[in-house]
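Working notes for the structure below.
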Amino acid sequence: MPETTTTAPPSTTTTGASIHLQGVTKQYPGQARPAVDAIDLRIEAGEILVLVGPSGCGKTTTLKMINRLIEPTSGRIVLDGEDVTTQDADALRRRIGYVIQAGGLFPHLTVAANVGLVPKMLGRDHGWDKQRIAARTDELLELVGLDPAVYRGRYPRELSGGQQQRVGVARALAADPPVLLMDEPFGAVDPITRHRLQNELLAIQEELGKTIVMVTHDFDEAVKLGDRIAILDTGARIVQLGTPEEILTAPAEDFVVDFVGKGAALKTLTLVSVGDALAGLAADGTTTADGDGPDPALPVLPARATLHEALDVMLAAGQPAVVVTGPRDAVVGTLTLEAVMSFLTRPAAARADAPAGHGAPAGDGAP
Ligand SMILES: Nc1ncnc2c1ncn2[C@@H]1O[C@H](COP(=O)(O)OP(=O)(O)O)[C@@H](O)[C@H]1O
Ligand SMILES: [Mg+2]
């Protein structure tokens, strides 16, 4: 590996903008009731907000009204403090990246042409000459984990589903928008690829700090990715809006209990990363270091993977532990099945003591 070719971080990083939906309604012609009925929702700059809810409840309609791919019937959309409800829709969409299932790539365009689409449309007037577009395309392919030299000339059909999805994310980020909208982006890939893409999205978000609004029907995905989750019912009625911890530990209505489903305890494993779990165990004085280095037979997970994934890979591999790696694949430690189980049976207050990524509140503290 040539060690001198370090990738510069994206040169022009715009961070997230807040989004405020004020009484936004969509009444489709010929429908008895509005698909989205006066939704009020404030999405903070730099957060990942996940919309979940049953099929047909208005998730996609809500999302597409943010960039006005669907025009609201009434209400206001405020982006970064600016009313964009009647702003030129093309100009608005340049400030908002959009990712759909399977990437939504154009099959007759190469990977590079797909990624460079928006900068090319913006053109020289906005400073996008051929050279800058090519450089930006390579930078983004690196960011999403695709070697530009290998992939820039390929066509979508020559990529796996996961790779197509990565290109879709790169394309959405091309003009460095402050906001990303993602509609069931990882719905079409297998579970292992999905976990990998989720981890990559979290890594990218750590670097870029965009405002991300994501739709999913996978509640575990919502818990893993969301800083906050909005649970929607018919007409995009917000049944509950809160952090994953709040929703798992204090569901607002029977509807939420049903939606979260059985096994809420098991789902709490999705709240804690294996890296945080190791750090928590070290703080407890439970050592995880093993002198001879990790057993090569053990499965390996990155530190940001969840305890839920750890349990999954241990069961799949028939091994009682996973090796946890950090930056540049350096081994951080070994997490045992026993340790994962101890996390599951700890009271919620003790779990909150671990430095969990979602900033769980500390326990009430018994009297
Ligand atoms: N173009 C359309 N014309 C008429 N009705 C629509 C249209 N798009 C969606 N709907 C209806 O609006 C409701 C919400 O749809 P949608 O936002 O796609 O839901 P979700 O993404 O939550 O599954 C559904 O009842 C759907 O049938
Ligand atoms: Mg939908």
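The values are calculated or read from the model by the stated rules, or taken from the named source; none is laboratory data. Note that the structure is predicted; figures quoted are calculated from it, not measured. Every residue, glycine as well, gets a Cβ built from its backbone with ideal geometry; the counts of neighbours run over all protein chains shown.
Would a scan of the stretch 84-104 turn up a residue that is among the hydroxyl-bearing types (Ser, Thr, Tyr), surrounded by fewer than 17 Cβ atoms within 10 Å (Cβ to Cβ), over 22 Å from the mean Cα position of the chain (by Cα) and within 16 Å of ligand 1 (Cβ to nearest atom)?
Going residue by residue through the stretch 84-104, those that are among the hydroxyl-bearing types (Ser, Thr, Tyr) are 85-86, 98.
Subset that is surrounded by fewer than 17 Cβ atoms within 10 Å (Cβ to Cβ): 86.
With over 22 Å from the mean Cα position of the chain (by Cα) added as a condition, the list becomes 86.
When the remaining residues are screened for being within 16 Å of ligand 1 (Cβ to nearest atom), the result is none.
No, the stretch 84-104 has no match at all.
Among the residues of the stretch 65-82, which ones are in contact (Cβ under 8 Å) with a residue 60 or more places away in the chain and crowded, with 19+ Cβ neighbours inside 10 Å?
66, 67, 79, listed by residue number.
For the stretch 57-89, how many residues meet the condition of being among the polar types (S, T, N, Q) and more than 16 Å from ligand 2 (Cβ to nearest atom)? Steps first, please.
Applying the first criterion (among the polar types (S, T, N, Q)) to the stretch 57-89 yields 60-62, 67, 73-74, 85-87.
Okay, now just the ones that are also more than 16 Å from ligand 2 (Cβ to nearest atom), so 73-74, 85-87.
Adding up the residues that qualify gives 5.
How many residues does the stretch 50-62 contain that are farther than 17 Å from residue 27 by Cβ and surrounded by fewer than 22 Cβ atoms within 10 Å (Cβ to Cβ)?
Selection size over the stretch 50-62: 2.
From (1) under 16 Å from the mean Cα position of the chain (by Cα); (2) in a helix (DSSP H, G or I), pick out the condition that doesn't hold for residue 182.
Tallying (1) under 16 Å from the mean Cα position of the chain (by Cα); (2) in a helix (DSSP H, G or I), residue 182 fails exactly one: (2).
Do any strands (runs of 3 or more DSSP E) lying entirely in the stretch 26-131 carry at least 3 residues that are of a type in the set (A, V, I, L, M) and over 26 Å from residue 260 (Cβ atoms), and which ones are they?
Details: elements: 36-43, 48-52, 74-79, 96-100.
Result: 74-79.
Here is a list: 185, 178. Which entry is crowded, with 20+ Cβ neighbours inside 10 Å and more than 16 Å from ligand 2 (Cβ to nearest atom)?
Details: 185 fails: more than 16 Å from ligand 2 (Cβ to nearest atom).
Answer to the selection: 178.
What's the total number of residues in the stretch 179-198 that are of a type in the set (Asp, Glu) and within 16 Å of ligand 1 (Cβ to nearest atom)?
Kept after step one, since they are of a type in the set (Asp, Glu), are these residues of the stretch 179-198: 183-184, 190.
Applying the additional criterion that residues be within 16 Å of ligand 1 (Cβ to nearest atom) yields 183-184.
Matching residues across the stretch 179-198 total 2.
Which one of these does residue 328 not meet: (1) basic (Lys, Arg); (2) modelled with pLDDT of 80 or more; (3) not in a helix (DSSP H, G or I)?
Just one mismatch for residue 328, condition (3).
Which ranges mark the strands (runs of 3 or more DSSP E) fully within the stretch 199-257 that have 1 or more residues being farther than 19 Å from residue 169 by Cα and either of a type in the set (Ser, Thr, Tyr) or more than 14 Å from ligand 1 (Cβ to nearest atom) (or both)? First the steps, then the outcome.
Working: elements: 211-215, 228-233, 237-242.
Correct list: 228-233, 237-242.
Given the criteria touching a residue at least 24 places away in the same chain (Cβ under 8 Å), touching a helix residue (DSSP H, G or I) at 6+ places or on another chain (Cβ under 6 Å), within 23 Å of residue 201 (Cβ to Cβ) and more than 16 Å from ligand 1 (Cβ to nearest atom), does residue 43 qualify? Please lay out each step first, then the result.
Numbers: touching a residue at least 24 places away in the same chain (Cβ under 8 Å): yes; touching a helix residue (DSSP H, G or I) at 6+ places or on another chain (Cβ under 6 Å): no; within 23 Å of residue 201 (Cβ to Cβ): yes; more than 16 Å from ligand 1 (Cβ to nearest atom): yes.
No: the conditions fail for residue 43.
Among the residues of the stretch 283-300, is any under 23 Å from the mean Cα position of the chain (by Cα) and either in a strand (DSSP E or B) or modelled with pLDDT under 90 (or both)? Give the derivation first.
First, the residues of the stretch 283-300 that are under 23 Å from the mean Cα position of the chain (by Cα): 300.
Remaining after also requiring either in a strand (DSSP E or B) or modelled with pLDDT under 90 (or both): 300.
Scanning the stretch 283-300 turns up at least one residue that is under 23 Å from the mean Cα position of the chain (by Cα) and either in a strand (DSSP E or B) or modelled with pLDDT under 90 (or both).
Residues of the stretch 150-167 being surrounded by fewer than 19 Cβ atoms within 10 Å (Cβ to Cβ) and either more than 13 Å from residue 110 (Cβ to Cβ) or in contact with a strand residue (DSSP E or B) (Cβ under 6 Å, 6 or more places away or on another chain) (or both), which ones?
Of everything in the stretch 150-167, those that are surrounded by fewer than 19 Cβ atoms within 10 Å (Cβ to Cβ) and either more than 13 Å from residue 110 (Cβ to Cβ) or in contact with a strand residue (DSSP E or B) (Cβ under 6 Å, 6 or more places away or on another chain) (or both) turn out to be 160, 161.
State whether one or more residues within the stretch 148-162 are on the phi < 0 side of the Ramachandran plot and within 15 Å of the chain's Cα centre (by Cα). Full working, then the answer.
First, the residues of the stretch 148-162 that are on the phi < 0 side of the Ramachandran plot: 148-162.
In the following step, the residues that additionally are within 15 Å of the chain's Cα centre (by Cα) were identified as 162.
Looking through the stretch 148-162, at least one residue is on the phi < 0 side of the Ramachandran plot and within 15 Å of the chain's Cα centre (by Cα).
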